[in-house]
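For reference, the structure discussed in these notes is given below.
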Amino acid sequence: GAVVSQHPSRVICKSGTSVKIECRSLDFQATTMFWYRQFPKKSLMLMATSNEGSKATYEQGVEKDKFLINHASLTLSTLTVTSAHPEDSSFYICSAEISGGRVGGYTFGSGTRLTVV
Amino acid sequence: GQSLEQPSEVTAVEGAIVQINCTYQTSGFYGLSWYQQHDGGAPTFLSYNALDGLEETGRFSSFLSRSDSYGYLLLQELQMKDSASYFCAVRDGQGGKLIFGQGTELSVKP
């Protein structure tokens, strides 16, 4: 249980275009979804927290106009990288707290490797 | 703010025991957790400590000392498949977001 499905797993896009990444909670309702970014051999850096039905909360230094987050339902959160540039190339991962059973644990999507050329 | 420190890399041999330490500084404490991440994959939850002491889950155990702001992950009977990055993380009580350490890359040699 407590599976988060993330799509796409890999995407290559041209500089200046936008890319949408979806995360769906398959067997539970995720009122809150966390979005992380990870560079190779580095830690996961929290970008923003999305809450169903309200505006996302962005971490300091993250451009909210560039990384658009929508959490329109209890099972779907999306991250759109707008006007992507090569420096946006990274591994993006979503996460939600596991409800029931595994106390203290969070479940993660499988990640999206974005390459901007 | 929150900060966590852990060694950047550890090397051990198959069958051995390895301990990965984590020290943290937090404005509030809501538990220390551990995650495993293989290259190119997503983090998977290993263990969680909210109170002092040892939590055992199969070959993996995790320890916490809140007075020392310190915890560790203990991996026993190491296997090649345990080669991965291991992250300690604390929960920020405000909104429940997880803050991760820099990660420890574990290499298990034959």
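The values are calculated or read from the model by the stated rules, or taken from the named source; none is laboratory data. Note that the coordinates shown come from a computational prediction; the quantities given were computed from them, not determined experimentally. Because the Cβ atoms are built from the backbone with ideal geometry, glycine has one as well, and the counts that use them run over all protein chains shown. Keep in mind that these areas ignore ligands, DNA and RNA; they rest on the heavy atoms of the full protein, side chains included. Shrake-Rupley method; radii C 1.70, N 1.55, O 1.52, S 1.80 Å.
Modelled label positions at B:Leu54 and A:Ser18, each set 7 Å beyond Cα in the direction of Cβ, lie 5.4 nm from each other. Each Lys and Arg adds +1 at its Cβ and each Asp and Glu adds -1 at its Cβ; summed about the Cα centre, the protein assembly as shown shows a dipole of about 620 debye.
Taking all protein chains together and a 1.4 Å probe, the residues A:Val11, B:Val108 rank A:Val11, B:Val108 from largest to smallest accessible area. Here's the list of lysines a cross-link from B:Lys97 could span, going by alpha-carbon distance under 22 Å and ignoring same-chain residues fewer than 8 apart: A:Lys41, A:Lys42, A:Lys55, A:Lys64, A:Lys66. Here the average projected area of the convex hull drawn through the C-alpha atoms of chain B stands at 6.5 nm².
If you wrap chain A in the convex hull of its Cα atoms and look at it from every side, the mean projected area works out to 7.0 nm². Note on segment B:7-46: Cα-Cα pairs beyond 12 Å make up 74% of the total pair count. Rolling a 1.4 Å probe across all protein chains gives B:Asp92 an accessible area of roughly 20 Å².
In segment B:1-101, taking the dipole from charged Cβ atoms about the Cα centre, the farthest positive-side position among B:Ala84, B:Tyr70, B:Ser33 is held by B:Ser33. With N set to the number of residues, divide the alpha-carbon radius of gyration of the protein assembly as shown by 2.2 N^0.38 Å and report two decimals. With N residues counted in the protein assembly as shown, Rg over 2.2 N^0.38 Å equals 1.02.
Please build a GNM for chain A, connecting alpha carbons under 10 Å apart, and tell me which residue among A:Gly53, A:Gly61, A:Gly105 fluctuates the most. Largest GNM mean-square fluctuation: A:Gly61. With the charge dipole of chain B set up from +1 on Lys and Arg Cβ and -1 on Asp and Glu Cβ about the Cα centre, the Cα lying farthest toward the positive end among the listed residues B:Ala50, B:Val13, B:Ser61 is that of B:Ala50. Mean sequence separation of contacting Cα pairs (under 8 Å, at least six apart), scaled by the length of chain B, corresponds to a relative contact order of 36 percent.
The dipole here belongs to chain B: it is taken about the Cα centre, uses +1 on the Cβ of Lys and Arg and -1 on the Cβ of Asp and Glu, and is about 200 debye.
The heavy atoms of A:Val4 offer some 10 square angstrom of accessible surface to a 1.4 angstrom probe. If R0 is 25 Å, what FRET efficiency do you get for B:Ser27 and A:Thr31 from their C-beta distance, rounded to 0.05? Efficiency, rounded to the nearest 0.05: 0.55.
Note that segment A:1-66 carries a Kirkwood radius of 13.8 Å, evaluated over its alpha carbons pair by pair. Here the Karplus relation 6.51 cos²θ - 1.76 cosθ + 1.60, evaluated at θ = phi - 60°, turns the backbone of segment B:44-60 into coupling constants of 10, 5, 10, 6, 8, 10, 9, 10, 4, x, 10, 10, 10, 9, x, 6, 9 Hz, with x for every Gly and Pro.
Simple point charges give the picture: +1 on the Cβ of Lys and Arg, -1 on the Cβ of Asp and Glu, and for chain A a dipole about the Cα centre of about 300 debye.
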